[in-house]
1. Restricting to segment 35-73, give me the number of residues that are more than 14 Å from the chain's Cα centre (by Cα), β-branched (Val, Ile, Thr) and within 24 Å of Glu141 (Cα to Cα).
2. Please find, within segment 92-107, the residue that is modelled with the lowest pLDDT out of those that are of a type in the set (S, T, N, Q) and in a loop (DSSP other than H, G, I, E, B).
3. Select from segment 117-143 the residues that are β-branched (Val, Ile, Thr) and out of contact with any helix residue (DSSP H, G or I) (no Cβ under 8 Å at 6 or more places or on another chain) and list them in ascending order.
4. Please verify whether Ile127 is more than 24 Å from Ala24 (Cβ to Cβ), in contact with a strand residue (DSSP E or B) (Cβ under 6 Å, 6 or more places away or on another chain) and of a type in the set (Val, Ile, Thr), treating the condition exactly as stated.
5. Can you pull out every residue in segment 13-34 that is under 17 Å from the mean Cα position of the chain (by Cα) and either at positive phi or in a loop (DSSP other than H, G, I, E, B) (or both)?
6. I'm told Ala50 meets every condition in (1) farther than 23 Å from Val125 by Cβ; (2) touching a strand residue (DSSP E or B) at 6+ places or on another chain (Cβ under 9 Å); (3) small (Gly, Ala, Ser); (4) in a loop (DSSP other than H, G, I, E, B) except one. Can you identify the failing condition by its number?
7. Of the residues that sit in segment 69-86 and are outside any loop (DSSP other than H, G, I, E, B) and free of Cβ contacts under 8 Å to residues at least 40 places away in the same chain, which one is surrounded by the fewest Cβ atoms within 10 Å (Cβ to Cβ)?
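The values are calculated or read from the model by the stated rules, or taken from the named source; none is laboratory data. What you see is a predicted model, and the numbers here were worked out from it, not measured in a lab. Glycine also receives a Cβ, built like all others from the backbone with ideal geometry; neighbour counts cover every protein chain displayed.
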Amino acid sequence: VVIVALTPDNEVLLVEQPRFPVQAQVIELPAGLVGDIEGEENEALEVAAARELEEETGYRAARFEYLCAGPPSAGLANEIIAFYRAFDLERIDGGGGDDSEQITPHAVPLAEVEGWLAAREAEGVRIDPKIYAGLYFVMRERR
């Protein structure tokens, strides 16, 4: 699941973490695996979205809306990602992921996010293109 979330201050929630396969820091939307916890193999997508949003960013959403799902790399893997929009966020802690993760949460003003991402990319940080898909959904709802 991938979560598109705006804070009450109109900030986009993003996370940054080291990704070994690309040997770099990567900025992403909050996201995570579904059903990867022992005893929770049949976890609902929305439940996983809520769990991952809280773990990674420290924000809790009052509700979620399904946006779309599809294969990010159909030629290489059978993975399907589902996008959810999180609404009515409340900060509950600092986030940062679980003990196995090195996540830095970022709350970036929506009006500045494109420039912020460009600046981070110029510093050598990789930007996950799924962010731009998430921004599409946010901008679409503002029309």
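1. The number of residues fulfilling the criteria is 1.
2. Going through segment 92-107, the residues of a type in the set (S, T, N, Q) turn out to be 100, 102, 104.
Next cut, in a loop (DSSP other than H, G, I, E, B) only: 100, 102.
On the way: Ser100: 82, Gln102: 91.
Across segment 92-107, the extreme among qualifying residues is Ser100.
3. To start, the set of residues in segment 117-143 that are β-branched (Val, Ile, Thr) comprises 125, 127, 131, 138.
If the condition is that a residue be β-branched (Val, Ile, Thr) and out of contact with any helix residue (DSSP H, G or I) (no Cβ under 8 Å at 6 or more places or on another chain), then Val125 is the only one that fits.
4. Considered against the rule, which asks whether it is more than 24 Å from Ala24 (Cβ to Cβ), in contact with a strand residue (DSSP E or B) (Cβ under 6 Å, 6 or more places away or on another chain) and of a type in the set (Val, Ile, Thr), Ile127 comes out as no.
5. The answer is Leu29, Pro30, Gly32, Leu33, Val34.
6. Every listed condition holds for Ala50 apart from (4).
7. Step by step, filter segment 69-86, then rank; the result is Gly70.
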